[in-house]
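Here the structure comes first, spelled out in structure tokens, and everything after it is commentary.
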Amino acid sequence: MKKSTKIWLIILVVVLGWLGLSYNSLVTGREGVDNKWAQIDTQLQRRYDLIPNLVSTVKGVTAQEQTVFGQLAEARTQYAGATNPEARASAANGVESSLGRILVIMENYPELRSSEAFRDLMTALEGSENRVGVARKDYNDAVTSLNARIARFPSNLVAGIFGVSKRSYFGKAEGAGEVPVVKF
């Protein structure tokens, strides 16, 4: 075999090896993001399983606050019908907004706060919210890592060839920085 043929063969092997490693790195990142989203999904489902119990407990004391309960039910329904991470994130943000209003209601009803069932549900919900927060952070970290790989040269070329695209972050709910107002 000629020396120039050997050199081209070595170059070809190196290029193919690099393509393979780059592609595998992108696949690993994509699967990591999907796994982190599955963790968020699990924690959100846990939250939604707690909500009917919380709502039933609060309804017994605060019948006039039906609007908040309707919003919670609607957001929960939207979550169940969502088909992609962006739609589920939007529905989750709607639930977070409604839960904030329930906390304000709780502050206005001392007898509700003293209910043992309510306290237990709130403790479980707080734990669930903490788990969701951690899962969201882990997901966004995985998205950051994948998106950085996709954006960097030369793996951006491989991402373009194989159709690996950037993922969206799970951001905060619209109006999350505002204090909810409950009027009586």
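The values are calculated or read from the model by the stated rules, or taken from the named source; none is laboratory data. Bear in mind the structure is a predicted one, so any value in this text is a computation, not a measurement.
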Output the number of the condition that PHE118 fails; it satisfies all remaining conditions of (1) modelled with pLDDT under 75; (2) within 22 Å of the chain's Cα centre (by Cα); (3) of a type in the set (A, V, I, L, M, F, W, C). (2)
Can you tell which of ALA63, ALA80 is at pLDDT 70 or above and either of a type outside the set (Phe, Trp, Tyr) or closer than 24 Å to THR42 by Cα (or both)? ALA80
